[in-house]
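Written out below as structure tokens is the structure these notes cover.
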Amino acid sequence: MEREQGVGDEVREGRKVNAEDVVHRFVEAINHADPARLAALMTEDHVFVDSDGTEVSGRAAMLDAWTRYFSMMRDYRVVVQETYVSSDRVVLVGRASGAWADAADSVGAGRWSVPAAWRAVVEGDRVAVWQVFVNPEGIAAARGSGAPPA
């Protein structure tokens, strides 16, 4: 999607910061399973909101949560198909996919892929809010029981 020049841009410490670029760097860190890089892109009071409305607050808590998530979910990926920007808010539409780490090594075991959307609020050059919208049934079906957030 084309975006208007300057939409989502903010000048910070003499340089232009673009909300969309910040969010895409956040997604890149997710796709590299890099919790330290994610933490560096979060505000100190970062809030994660799961599909069921559960919130986890704070950079330290989310560093721990992402570390645990990546250990139980291998090959987790966010594929962005559409991006919408309004000032400091960015909405991504696409697919989330991965595989349960404890699934058998047979081809496709524990794999899942589901439609998803994400909403981010950017403060300066960091993500203050990361909200996930996904139906967890496909994730649960790949394991046969309860599913984690996407």
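Read-outs: derived from the displayed coordinates by stated rules, not from any lab. A quick note: this is a predicted structure, and the numbers were derived from the prediction, not measured. Cβ placement follows ideal geometry from the backbone for every residue including glycine, while neighbour counts extend to all protein chains displayed.
A few points about this structure:
- Which of 110, 69, 93, positive extreme of dipole for region 9-142 (C-beta unit charges): 110
- Expressed to the nearest 5 percent, the antiparallel share of DSSP beta bridges inside region 9-142 is 90 percent.
- Charge dipole of region 9-142 (Cα centre as origin; +1 on each Lys and Arg Cβ, -1 on each Asp and Glu Cβ, all else neutral): 260 debye, rounded to the nearest 20.
- Note on region 9-142: along the principal axes its Cα atoms extend 52, 29, 25 Å, ordered by decreasing extent.
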